[in-house]
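Visitor: Handing you this structure, nothing more for now.
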Amino acid sequence: MSYIFALNEVKIDANNLIGGKAASLFRLQKENFLIPDSFVISTEAYESFVEGNKLRGFIQLELNRKDLNQCRWEELWDISLRIKNSFLKGKLSNHLKDEITALFHEELKDSKLAARSSSTVEDSANRSFAGLHDSYLDISNLSQLIQKIKLIWASLWSDAALSYRKELDLSTENSSMAVLLQKMINGQSSGIAFSQNPFDAKQTVIEAVYGINQGLVDGKIEPDRWFLNRQGGKLLKHAAALREEKLVSGTSKPKIIKTKKSEKINPPLNERQLKKVFELCCNAESYYHKPQDVEWTFEAERLFLLQSRPITVKSTIDPQQNRKEWDLSLKRSFDNLLELQKKIEVYLKEMTLEAAKFRNKEIKSLSDDDLRNEYTSAEQKLKHWTEIYWETFIPYGHGMRLFGQIYNEVICPDDPYEFISILQNSSNLATRRNDELNNLALLINADEANLVHIKSGTLKSLSKAVKKKLSDLVVNYALPSTLTELDMENKYTKEFFSFVVRQTKNCRKRKSAPKSKIKRIEDNFLKSFPAGDERAWANQLMELGRHSFLMRDDDNVFLDRFKDAKSCILLEVQRRLKNRHAENFEYYSEAQLLKKLEQPNFITEMPRQITTVPKPKVGVLKARKRQVTGQPAGPGYITGIARLIDGSHDLFALQKGEIIICDAIGPEMTFAVPIAGGIVERRGGMLIHGAIIAREYGIPCVTGVADAMKIINTGDKVSIDGYLGIVAIVKRG
Amino acid sequence: MNHGTESPRNDLSDFEYAKTMEIVRQLLNEQKVGILATINSNKPYTSIVGFAATDDLKTIYFGTPVATLKFRNIQDNPNVSILIDNRKNLGSDFSKAAALTCMGIASSEDDSPDHLGINHLINRHPELKTFFNSPSCKIIKICVSKYSLVLRFQEVTEIDMETSK
């Protein structure tokens, strides 16, 4: 049996044997379109690899551990990472290896290769999901080729493919992956063409760059753009680009270089070439009977067709409208992440300065008008920074994932999350805050007088050192600044102090891998890149990953300062109103409070009577869940009493060893983690706050338990299996 | 025909015994999952488990997370029974299916010095390798004391493994 065919020798264009992309190229080739020399590793090779390495059952377990409809994108990314790791660890059969080796030495070794995914789930005639599966360029040796083949196979289960599994009808039984191997065309100029402009049906658009067209497709190189009349191809407009850079073949992957002087002056297509590209896309359209999005490249005067698919228009991505696309748009390229990093450095400075302005303002001495203005300005700032948080900080979080992906591809570790130990190089603000809280508790406990003051409520008499530490915590770690008022009447302040005093006795210490071990893992990673540019790149990627990992928590602390500024002003508003009116302001909205400050006669409609409805007596329960699964996010096993946390206030009630059951551990909640026995979160993922902090303290943690808050009650005895992602209710409380 | 010492009355002949044990072996080698019965406060409780048997048919292994009820049951009472059968969910099952009830005492493999169970299980269920290797997964060893084989609807043969040939 043969697993590999030359595309021009394929007997039938069976989608299920050679995949959608290869089948489409096969048909185009039959119609005499010029395409690069191509070979296909059939889906049977994928099947034999999956069978030989017993991967089918593994994939099924990964896909069925939890209902995928209840998985967030982060969880799909995790599943995909684990599947990819299992493919990388798999071995090719001798038969397949021999065939690939023979092909490589006989046909391919003189030119660089492109390896492209050709899956059976993409049917180019009807559907167009660009970028679902992986493709690689500039492959120059056999071992590299074999690794990329495995990665392409694994990309059948990419996070994007898992997101669209329903649309694709993705399943372990019916879906498969072929690999298309092509000799790289050393294109002098390349580009794309829309046979019909998505924004003007009478036009054709052609875009072109110097070099290979990956630069254009990835959006790294700005193209020249021509608009032509669809009927006859008359040139309507040419929008020239600056043409400063181009993407060309590199040693193991393409690289960007400066363009030549002549290239800067002349557009990448002359009139004759433009006409040829126009004809190419018209021909593709008439063959498919649908407007086409065509990728092409010129080698000398030979125009190659690289790909042709129906046009899809990308609309602007709105997380409310299309969560899937928005989630996938979070996956950023290395270059884009570096740009975000630069922006973030500037933003953090601005945020610190602006937050300090609010903090330093004596709001008690402001006039009512100024107080209201201050509120508006705090609200605006919060809105502004929240927007930036979503635009910049959230996508930047992909930096740690990109590092994890590359780490696993080159190291292929037994534990797919080994990379986290490298990321945890320095502690984030939330864990340092926990350390500082601990120090505060030590300070308080060191002097019996402090404990007496806390007990009797005379907080203002606490020692100077305690007050100083408290104010440091507020300034540096964004604890609510009301704390520094030392007002025992304030509920938060009261609970805070009683918690802090309790905390030292019960607190777990942070666990970190020995520095020497981390160094070894780190060196091992860097050494797998050749010294020089590539190793420097790997180093840069590692630092980016670390910074992104750190920011995932820290950004919230920075944002919290603005939330705190706003709530301080509101508290002052409430204080003034209470002094002036004998009214209950509990049910006033923020806007109503401010209005009341401006117009003392303003009276809000009667607040709805809030009566406590007694819970209906539970009769015979017909069915309830006793054991549920989520993602194994923090290794360890523990049985303990559950405590539901529905807001950070609830955390103060947490007793040592209790299991936190919550929607999501926010960075403002992490202070309680060191005394918890285990964590169960509704939100899923291995790299979310709760999971990260649980690992730091060695606390068993299961995330992505969809019904956690519903099926578990405070007081239930539960077992948490952080290795396998199981939560079992042992005994109802 | 008997060789050597004569079998006690009622016992199967060597030939019949070998034939019966072959069916037992086939079931244990061909089936991947069985129904495990444990005791939960004096009441039977059943679970489906992936198992592996040793060549001498004296031991059956399976893996379970420690958080499960079946594991807690075994800790409270190690008497277990596991049903292994080849039914196909067809009407013919009543006449054609073979069902083997394996009775024995379960113990966690931590308690025994040989850690053979995990290798048996991984060989049999390679897709569950990560599961078996997980620190929270216990490998349970059932020392089979008795098999009860049901053929042709109601024909039952009991094999005492503690005195078996």
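Visitor: Can you pull the three principal axis extents for the Cα set of the protein assembly as shown, in Å, largest first?
Guide: 105, 94, 56
Visitor: Taking Rh as the Kirkwood radius, which is the inverse of the mean 1/r over Cα pairs, what is the Rg/Rh value for region A:412-463?
Guide: Numbers: Rg = 19.2 Å, Rh = 14.0 Å.
Ratio of gyration radius to Kirkwood radius: 1.37.
Visitor: Just add up the charged neighbours of A:Tyr697: K/R +1, D/E -1, any other residue whose Cβ is under 12 Å from the Cβ of A:Tyr697.
Guide: Values: positive: A:Arg508, A:Lys509, A:Arg510, A:Lys511, A:Arg695; negative: A:Asp435, A:Glu696.
Around A:Tyr697, the surrounding residues sum to +3.
Visitor: OK, next. State which stretch of chain B is the longest one without any exposed GluC sites (Glu not before Pro), exposure meaning a DSSP loop state and at most 14 other Cβ atoms within 10 Å.
Guide: Details: sites that count: B:Glu6, B:Glu162.
By the stated rule (loop sites, at most 14 other Cβ atoms within 10 Å), B:7-161.
Visitor: Here's something else I'd like to know. For region B:94-165 and region A:420-480, what is the separation of their Cα centres, given in Å?
Guide: Value for the Cα centre distance between the two parts: 56 Å.
Visitor: Give the relative contact order (percent, whole number) for chain A; include only Cα pairs under 8 Å separated by 6+ residues. Can you show the working numbers first?
Guide: On the way: 1201 pairs, mean separation 75.4, N = 733.
Result for chain A is 10 percent.
Visitor: A further question follows. What size of dipole, in debye to the nearest 20, comes out for region B:48-91 about its Cα centre when the only charges are +1 on Lys and Arg C-beta atoms and -1 on Asp and Glu C-beta atoms? Before the final figure, lay out the partial values.
Guide: Working: 5 positive and 4 negative charges, 39 e Å.
Dipole magnitude for region B:48-91 comes out near 180 debye.
Visitor: Can you give the alpha-carbon Rg of chain B over 2.2 N^0.38 Å, where N counts its residues?
Guide: Details: Rg = 16.7 Å, N = 165, 2.2 N^0.38 = 15.3 Å.
Ratio of Rg to 2.2 N^0.38 Å for chain B: 1.09.
Visitor: How much of the DSSP beta bridge set in chain A is antiparallel, as a percent to the nearest 5?
Guide: Counting only bridges with both partners in chain A, antiparallel ones make up about 85 percent.
Visitor: Measuring from a point 7 Å past the Cα of A:Lys656 along Cα-to-C-beta, which residues in region A:408-451 have an amide N at less than 20 Å?
Guide: Counting backbone N atoms under 20 Å from the label point, the list is A:434-448, A:451.
Visitor: In a shell of Cβ-Cβ distance under 9 Å around B:Glu127, excluding B:Glu127 itself, what net charge do Lys and Arg (+1) and Asp and Glu (-1) give?
Guide: Working: positive: A:Lys54, A:Arg56, B:Lys129; negative: none.
Counting the neighbours of B:Glu127, the net charge comes to +3.
Visitor: Still on this structure, please answer the following. Would you mind pulling out the separation of the Cα centroids of region A:693-733 and region A:152-185, in Å?
Guide: Region A:693-733 and region A:152-185 have Cα centres separated by 34 Å.
Visitor: Okay, next question. Please list, ordered by chain and number, the residues whose modelled amide H lies under 5 Å from the amide H of A:Leu479; skip anything fewer than 5 residues away on the same chain.
Guide: A:Val474
Visitor: For a quick check of your reading of the filter: which trypsin sites (Lys or Arg not before Pro) in region A:481-564 sit in a DSSP loop and have no more than 11 other Cβ atoms within 10 Å?
Guide: Working: sites: A:Lys491, A:Lys494, A:Arg502, A:Lys505, A:Arg508, A:Lys509, A:Arg510, A:Lys511, A:Lys515, A:Lys517, A:Lys519, A:Arg520, A:Lys527, A:Arg535, A:Arg546, A:Arg552, A:Arg561, A:Lys563; in loops: A:Arg508, A:Lys509, A:Arg510, A:Lys511.
Here the trypsin sites (Lys or Arg not before Pro) that fit, given the DSSP loop and packing criteria, are A:Lys509, A:Lys511.
Visitor: Give a residue-ordered list of calculated ³J(HN,Hα) values for region A:267-281 (Karplus: 6.51 cos²θ - 1.76 cosθ + 1.60, θ = phi - 60°; whole Hz; x for Gly, Pro).
Guide: x, x, 10, 8, 4, 5, 5, 4, 4, 5, 5, 4, 4, 4, 6
Visitor: If you don't mind, there's one more thing I want to ask. Can you give me the three principal axis dimensions of region A:59-151 from its C-alpha atoms, in Å, biggest first?
Guide: Taking the Cα atoms of region A:59-151, the three principal extents are 49, 33, 20 Å.
Visitor: Please list, in order, the residues from region A:529-571 whose amide nitrogen is less than 16 Å from a point placed 7 Å along the Cα→Cβ vector of A:Gln380.
Guide: Within reach of a label on A:Gln380: A:566.
Visitor: Rounded to the nearest 20 debye, what is the charge dipole size of chain A about its Cα centre when +1 sits on each Lys and Arg Cβ and -1 on each Asp and Glu Cβ?
Guide: Using Cβ point charges on Lys, Arg, Asp and Glu, chain A gives about 1580 debye.
Visitor: Could you give the nm distance between label points at A:Asp370 and A:Glu279, where each point is 7 Å from its Cα heading toward the beta carbon?
Guide: 7.8
Visitor: Counting each DSSP H run of 4 or more residues in chain B as -39500 (n - 2.57), what helix-only mean residue ellipticity at 222 nm follows after dividing by all residues, to the nearest 500 deg cm²/dmol?
Guide: Helix contribution divided over all residues of chain B: -7000 deg cm²/dmol.
Visitor: Output ³J(HN,Hα) for region A:628-644: one whole-Hz value per residue in order, computed from phi by the Karplus curve 6.51 cos²θ - 1.76 cosθ + 1.60 with θ = phi - 60°, and x for Gly and Pro.
Guide: 9, 10, x, 9, x, 10, x, x, x, 9, 8, 10, x, 8, 7, 9, 6
Visitor: Here's a follow-up. Please compute P(r) over all alpha-carbon pairs of region B:55-119, binned at 10 Å starting from zero, and give each bin as a whole-number percent.
Guide: Final binned percentages: 17, 40, 29, 13, 1.
Visitor: Here is a further query. Where q = 0.15, 0.16, 0.18, 0.22 Å⁻¹, what log10 of I(q)/I(0) comes from the Debye formula for region A:128-203, counting one point per Cα?
Guide: -0.75, -0.82, -0.91, -1.03
Visitor: Net charge around A:Arg372, counting only other residues with Cβ within less than 13 Å of its Cβ (Lys, Arg = +1; Asp, Glu = -1)?
Guide: Neighbour charge sum, excluding A:Arg372 itself: -4.
Visitor: Here is a follow-up. Using the charge dipole of the protein assembly as shown (Lys, Arg: +1 at Cβ; Asp, Glu: -1 at Cβ; taken about the Cα centre), state which of A:Pro530, A:His289, A:Tyr492 has its Cα farthest towards the positive end.
Guide: It is A:Tyr492.
Visitor: Within region B:50-151, report the trypsin sites (Lys or Arg not before Pro) that DSSP leaves as loop and that have at most 14 other Cβ atoms within 10 Å. Don't jump to the answer; show the numbers that get you there.
Guide: On the way: sites: B:Lys58, B:Lys70, B:Arg72, B:Arg87, B:Lys88, B:Lys96, B:Arg124, B:Lys129, B:Lys138, B:Lys141, B:Lys146; in loops: B:Lys58, B:Arg87, B:Lys88.
Counting only loop positions with at most 14 other Cβ atoms within 10 Å, the trypsin sites (Lys or Arg not before Pro) in region B:50-151 are B:Arg87, B:Lys88.
Visitor: Also: Kindly provide the trypsin sites (Lys or Arg not before Pro) of region A:139-237 that DSSP labels as loop, not H, G, I, E or B, and whose Cβ sees at most 10 other Cβ atoms within 10 Å. Can you show the working numbers first?
Guide: On the way: sites: A:Lys148, A:Lys150, A:Arg165, A:Lys166, A:Lys183, A:Lys202, A:Lys220, A:Arg225, A:Arg230, A:Lys234, A:Lys237; in loops: A:Lys202, A:Lys220, A:Arg230, A:Lys234.
Sites meeting the loop and neighbour criteria: A:Lys234.
Visitor: Another question, if that's okay. Which whole number of Å³ per residue matches the convex hull of the alpha-carbon atoms in region A:638-733? Write down the numbers at each step before the final one.
Guide: Details: hull volume 7.4 nm³, N = 96.
Considering the Cα atoms of region A:638-733, their hull volume per residue is 78 Å³.
Visitor: Roughly how many Å is it from the Cα centre of region A:193-260 to that of region A:9-66, as a whole number?
Guide: Cα centroid to Cα centroid, the span is 30 Å.
Visitor: Something else: Can you give the alpha-carbon Rg of region A:200-239 over 2.2 N^0.38 Å, where N counts its residues? Intermediate values should be presented prior to the final figure.
Guide: Working: Rg = 11.5 Å, N = 40, 2.2 N^0.38 = 8.9 Å.
That works out to 1.28 for region A:200-239.
Visitor: Sticking with this one: From the P(r) of region A:60-110, can you give the percent of Cα pairs sitting at distances over 14 Å? Show your work: numbers first, answer last.
Guide: Values: 847 of 1275 pairs.
Within region A:60-110, distances greater than 14 Å cover 66 percent of Cα pairs.
Visitor: How big is region A:194-284 by Rg and Dmax over its Cα atoms, in Å?
Guide: 13.9, 43
No lab work stands behind these numbers, since they all come straight from the coordinates. Here the structure is a predicted model, which means the values were calculated and not measured. Cβ coordinates were reconstructed from backbone atoms using ideal geometry, including for glycine residues, and neighbour counts include every protein chain displayed.
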